[in-house]
Each structure stands twice: as C-alpha cells, then as structure tokens.
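Chemist: What follows is a structure written as structure tokens; I'll ask about it next.
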Amino acid sequence: IKNSNPFKKLNDEIFVYVARKQKEIDELKRLEQFRREFLADVSHELKTPIFAAQGFIHTLIDGAIDDEQVRDKFLAKAARSLDGLDALVKDLVALSQLETGEVKMSFERINLTHVTQEVFEQLEKVANAKRTSLQLKSSPGGPVWVKADPQRINQVMTNLVENAVKYGNENGRVTVSLEEDKKHVMVSVRDDGPGIPPEHLSRIFERFYRVEKSRSKDRGGTGLGLAIVKHILNAHKAKITVMSKVDKGTTFRFKLERMD
Ligand code: ADP
C-alpha cells in the first residue's frame, strides 16, 4: 500500500530523466566554453608571428630595403616569425587530431634504445650549440622493447629532450633513462637546468602555458609541446609526471608496457 501511489514511480522516472538531461546540457556547455577559449587562444597565438612578419615586411617596403644591413636583419626576422608560424600550425594540427581521436595509434613492438638514439641525432645540432651532453642510460644496455606507436613515441621523446636542452643550462647534461621491471619500462628525461617553480608545475601540460612567456617564445616554443606529449601518452594509457627543483633541474617520467 505504501508504494502503490502510481505517481510516485512516474515522478521518480521524470526526476532521473531531468537529472540526466541536465548533465548532458552541462557537458555541452563545458565543451562550448572549451571551444570558445581554444579559438581565442589560437587566434591570439597566430596573430603574434603574423603581425611580426607583417611589421618587418612593411618596414622594408617603406624604405628600409635600401639599407643593406637593415634589409638582411629584417628579412631574417620575418623568416624567423614565419618559421614560428609554421611550427605552430603543425603543432595545432597534431594536437587537434589527437584531441578528436582522428588519427588511430598503431601499436607495434619498438626498441626504445633505438628511438632515443634517433632523437639524440635529430637534436645533435641544438645540443652542440649549447654544449649540452645527451646521455642514454639503460639498465642491461642493449635494446629495450615496448609496445607503442613509433612515430608518436618519437614525438614524445623529441619534445621532452628538446625542452630539456632548450630550457637547460649551457654546458648542461640531459639524461634519458630506461629502466625495466617485470611488465613496464620506466622512461625518464632529466636535465640539470634552472627547474620549474612549484606554482607552475601543475599547469605546464596545458596548451599555450609557458612559465616565462618571452623566454619560451625566444626559444622557438609553440607552447603546445607538453600538451601533445600528454595526449600521446594518454592514448598509450600512460601517465606523465614531472618533478622539478629550482636551480637543480627537472625530470619527466612515464611508463610504457614491455613487449619482449
Ligand atoms: P614550449 O613550446 O613553450 O616549450 P611546452 O608545452 O613544451 O611549450 O612547455 C611548456 C613550458 O614548460 C615551457 O614554456 C617552459 O616554460 C616549461 N618547461 C618545459 N620543459 C622544461 C624543462 N625541462 N625545464 C624548465 N622548464 C620547462
């Protein structure tokens, strides 16, 4: 008799339905907000190199072209801005493909020792320019096999090692360690650079977040490197962590599944 009220059941059902719809609306609102902020960030980031290149080129047209020294300097600066724009667009495409899940990962058995050596070779010039030494440490030496998407893991390692060199000190040292346990390989990328102040640590994986805006831009950063790293590792079901001490250095770590 207690539950015989026919309206009670209907009432409960309506309540559950409304709650579910409300949740869907909240989620759509959140996505819309995200989209709007993303668009605003992207427009802002695109404008910076475009305005810079425009400025140099217009100054040249307005007469600076007649002075040989000024001309060469301004042309080099315009080219640098356009290179930055190119890097930004590439990173944006990569990030948006990762976010929408447009590109499927292709997991294969790959040798991390080999990937690391390749990355070191790609970054040799940048490292030499800062007299930074690149070192690889792996416990048994030799190949270290993991299950991963080869191109994407190369991108992760490139971004982390490049940052370590870029933000590290002159004459610094960057170490990649590969440690195997039963099921996983723990990868760490360590530098002995200036470190990241604790108040910034939780935010560095956000797109366009930079600890020191001008310094990072000077070094050719797009502000998307770590966001891309995080997304790629997510798709590998791997979490990335960072530990950093000011004036001592920074270490990024993540674990990949072993595949012997
Ligand atoms: P960017 O393109 O600016 O390098 P990232 O997403 O790769 O963008 O990095 C975000 C910010 O985190 C950088 O601007 C820099 O301030 C900081 N950062 C990243 N790696 C390091 C590091 N190894 N040492 C010190 N700061 C770092």
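The values are calculated or read from the model by the stated rules, or taken from the named source; none is laboratory data. Remember, it's a predicted structure, so these values are computed and weren't measured experimentally. Don't worry about glycine lacking a Cβ; one is built from the backbone with ideal geometry, like all the others, and counts go over all protein chains shown.
Chemist: Within region 107-159, count every residue that is under 17 Å from the mean Cα position of the chain (by Cα), within 20 Å of Val185 (Cα to Cα) and of a type in the set (A, V, I, L, M, F, W, C).
Modeler: The total comes to 4.
Chemist: Okay, next question. From the list Gly225, Gly193, which residue is within 21 Å of Glu118 (Cβ to Cβ), within 7 Å of the ligand (Cβ to nearest atom) and either touching a residue at least 12 places away in the same chain (Cβ under 8 Å) or among the small types (Gly, Ala, Ser) (or both)? Steps first, please.
Modeler: Details: Gly193 fails: within 21 Å of Glu118 (Cβ to Cβ).
Gly225 is the lone residue from the list that is within 21 Å of Glu118 (Cβ to Cβ), within 7 Å of the ligand (Cβ to nearest atom) and either touching a residue at least 12 places away in the same chain (Cβ under 8 Å) or among the small types (Gly, Ala, Ser) (or both).
Chemist: Within region 102-119, can you find the residues that are free of Cβ contacts under 8 Å to residues at least 40 places away in the same chain and assigned to a loop (DSSP other than H, G, I, E, B)? Can you show your working first?
Modeler: Taking region 102-119 and keeping what is free of Cβ contacts under 8 Å to residues at least 40 places away in the same chain, we get 102-104, 111, 114, 117-118.
Correct list: Glu102, Val103, Lys104.
Chemist: Then there's this: I'd like to verify a number: residues in region 120-176 that are within 16 Å of the ligand (Cβ to nearest atom), surrounded by 18 or more Cβ atoms within 10 Å (Cβ to Cβ), small (Gly, Ala, Ser) and not in a helix (DSSP H, G or I), how many?
Modeler: Here the count works out to 2.
Chemist: Can you tell me how many residues in region 177-194 are surrounded by 21 or more Cβ atoms within 10 Å (Cβ to Cβ) and part of a loop (DSSP other than H, G, I, E, B)?
Modeler: Total satisfying the criteria: 1.
Chemist: Here's a check for you: in region 235-260, which residue that is without any contact (Cβ under 8 Å) to a residue 60 or more places away in the chain and away from the ligand (no atom under 15 Å from the Cβ) is surrounded by the fewest Cβ atoms within 10 Å (Cβ to Cβ)?
Modeler: Lys237
Chemist: Now for a different question. One residue is enough: does region 90-111 have a residue meeting the conditions aromatic (Phe, Trp, Tyr) and modelled with pLDDT of 95 or more? Give the steps one after another, and end with the answer.
Modeler: Here is the first cut: in region 90-111, the ones aromatic (Phe, Trp, Tyr) are 107.
Now narrow it down to the ones that are modelled with pLDDT of 95 or more: 107.
Yes, the conditions are met somewhere in region 90-111.
Chemist: Now for a different question. Is it true that Asp218 is of a type in the set (D, E, K, R), within 18 Å of Val165 (Cα to Cα), at pLDDT 95 or above and more than 9 Å from the ligand (Cβ to nearest atom)? Please lay out each step first, then the result.
Modeler: Numbers: of a type in the set (D, E, K, R): yes; within 18 Å of Val165 (Cα to Cα): yes; at pLDDT 95 or above: no; more than 9 Å from the ligand (Cβ to nearest atom): yes.
Criteria not met by Asp218.
Chemist: For region 200-216, state whether one or more residues are closer than 21 Å to Thr116 by Cα and surrounded by 13 or more Cβ atoms within 10 Å (Cβ to Cβ). Can you show your working first?
Modeler: Looking only at region 200-216, we keep the residues that are closer than 21 Å to Thr116 by Cα, and these are none.
No, because not a single residue in region 200-216 is closer than 21 Å to Thr116 by Cα and surrounded by 13 or more Cβ atoms within 10 Å (Cβ to Cβ).
Chemist: What do you reckon, is Ala94 under 16 Å from the mean Cα position of the chain (by Cα) and crowded, with 18+ Cβ neighbours inside 10 Å?
Modeler: yes
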